[in-house]
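The values are calculated or read from the model by the stated rules, or taken from the named source; none is laboratory data. Computed from a prediction, not measured in an experiment: that's the story for all the values here. Backbone-built Cβ (ideal geometry, glycine too); neighbour counts: all protein chains shown.
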Amino acid sequence: MLANVIVVVLSSLAATPIIHQVPGQAEVGTVEIHGVAAGAFNPAHWENDTLNLVPELRDPLLVPRQSGVFRNIYAPSAVQTPTGWRLFYGAWDGVPTGNDRIYCTDTTDFIDFGARRTVIEHGEFVHTCNVNALGRPDGGFELVLTAYPDAKGDNKPAYFSSPNGELWNGTPAPCAAKQSDIVHVDGYDKYEDADINGVNVILREGDALHLYFNNYKDFGHVYRATGTDGKAYQFEGTALECPYAVNDVKKFGAPDGPRYLMGLHMNREGLWYALSKDGVKFDKEQPLLTHTGPQDKYIVALGWVVRDNRLLGVLYGAGAVPELNRNRIFARWLQKRVVFTSNDGTRIEPEAALGPDRQVLRIPEGMERKGTLQVFAEDGKTPIGDPIPGTLNPGTVHELNCGTE
């Protein structure tokens, strides 16, 4: 435990964070620090590419069910709800056939997950996958997914909406997808012959629904179109010139105006992001992360995790084989950085995260338990106050309160 209550004086915020032990058990040989989730979106951290992204301890976070022989789970999209998040995903989630479907599960904290259920059946298509979902102000949901094949044998986006998460396009879940669910984009002359596979992202601003997409037959551009009803869009042009696939776009508030955050992948070892002040044109992409090991070498999809105006992390689908058919869902969490330095000189960096709000430090055997603890901001570099003396014992749980959320 930390023998004394730790009080840290912030240099840049008018708050006094504290950290104290709480009842509970961390795993043997480790300490858990709670309360480390990212605060309000800070554009400077993203503009300067200084992000403390901590790998999830469960590697992967979510695996396919074992009941069926087709197991390939990979396209996550998390929607904030009053009690946590509803996680939509595309997969073969332990099913008898290798047909992609859309599933969902609920979680309050990304520690435990509720029952999984099928939302959209492939229906008239071979596959329905690569879902991007939004919450509606009335408590409902809307989503765009990739449906294959269309009438010309290509991938196209399809739109679904629900007032309650149970009825989809007027049909109880699991809703069988139809050719009539495919969306249309006017003004883009390549649309009818386009191959839009896993690159269909929606962002709602009031009555306007923006669609960001790539076309694999016209690659190198992320395009934007806008509509209102989810089915019909008017082409607006290029949002970003880049050799990557768009997977998610979220909007955040900042003191000097809004920021739009785009996430991109390309079935390789890394992920990328791009920023915009208007959502119409994005700045050049920057690297976000690279894989942690052979198990997530091929990253095939991503989805941001958002709570109000906070970007808490990123979920991504990835696997170990180039065939891209044995994927799992992994996570990185944007967190404050907590570092313990023992009086014997041993420096303990965070080992991993447990969901967006918990950080794990592993305590070596034989290490001097007395030392100092330093908290850093979400950039991993900016100290929050001075180092504080304390005693850290394995197996204990502590809570950090910065008083700024």
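Of note:
- Odd one out for N309 among (1) more than 12 Å from the chain's Cα centre (by Cα); (2) within 20 Å of V199 (Cα to Cα): (2)
- Among the conditions (1) free of Cβ contacts under 8 Å to residues at least 60 places away in the same chain; (2) assigned to a loop (DSSP other than H, G, I, E, B), the only one that T226 does not satisfy is (2).
- Any hit, segment 143-155, residues being assigned by TED's automatic domain parsing to the domain that holds V183, surrounded by fewer than 24 Cβ atoms within 10 Å (Cβ to Cβ), more than 25 Å from Y298 (Cβ to Cβ) and touching a Gly at 6+ places or on another chain (Cβ under 8 Å): no
- When every residue of segment 306-320 is checked against the conditions, at least one turns out to be surrounded by fewer than 20 Cβ atoms within 10 Å (Cβ to Cβ), of a type outside the set (K, R) and closer than 19 Å to N72 by Cβ.
- Within segment 346-365, considering residues that are assigned to a loop (DSSP other than H, G, I, E, B) and in contact with a Gly (Cβ under 9 Å, 6 or more places away or on another chain), the one surrounded by the fewest Cβ atoms within 10 Å (Cβ to Cβ): E365
- Complete set of residues in segment 186-230 that are over 24 Å from the mean Cα position of the chain (by Cα), more than 23 Å from D278 (Cβ to Cβ) and surrounded by 17 or more Cβ atoms within 10 Å (Cβ to Cβ): Y191, A194, D195
- Matching residues in segment 91-112 - criterion: being under 29 Å from V36 (Cβ atoms) and either touching an Asp or Glu at 6+ places or on another chain (Cβ under 7 Å) or not hydrophobic (A, V, I, L, M, F, W, C) (or both): T105, D106, T107, T108, D109, D112
- Considered as a group, the residues in segment 388-405 that are closer than 30 Å to W46 by Cα and in contact with a Leu (Cβ under 7 Å, 6 or more places away or on another chain) include one that is surrounded by the fewest Cβ atoms within 10 Å (Cβ to Cβ), and that residue is T404.
- Among the residues of segment 303-322, the one identified as in contact with a His (Cβ under 8 Å, 6 or more places away or on another chain) and more than 18 Å from T107 (Cα to Cα) is A318.
- Strands (runs of 3 or more DSSP E) fully within segment 44-107 that include at least 1 residues being without any contact (Cβ under 8 Å) to a residue 40 or more places away in the chain and under 22 Å from V360 (Cβ atoms): 84-95, 101-107.
- Identity of the residue in segment 41-62, of a type in the set (A, V, I, L, M) and within 16 Å of the chain's Cα centre (by Cα), that ends up farthest from Q335 (Cα to Cα): L62
- Segment 91-136 - residue that is at negative phi and within 14 Å of the chain's Cα centre (by Cα) and, of those, surrounded by the fewest Cβ atoms within 10 Å (Cβ to Cβ): D109
- Enumeration of residues in segment 108-133 that are without any contact (Cβ under 8 Å) to a residue 60 or more places away in the chain, under 17 Å from P157 (Cα atoms), in contact with a strand residue (DSSP E or B) (Cβ under 6 Å, 6 or more places away or on another chain) and not aliphatic (A, V, I, L, M): E121, H122, G123, F125, H127, T128
- If only residues of segment 133-147 that are of a type in the set (D, E, K, R) and not in a strand (DSSP E or B) are counted, the one that is nearest to R204 (Cα to Cα) is R136.
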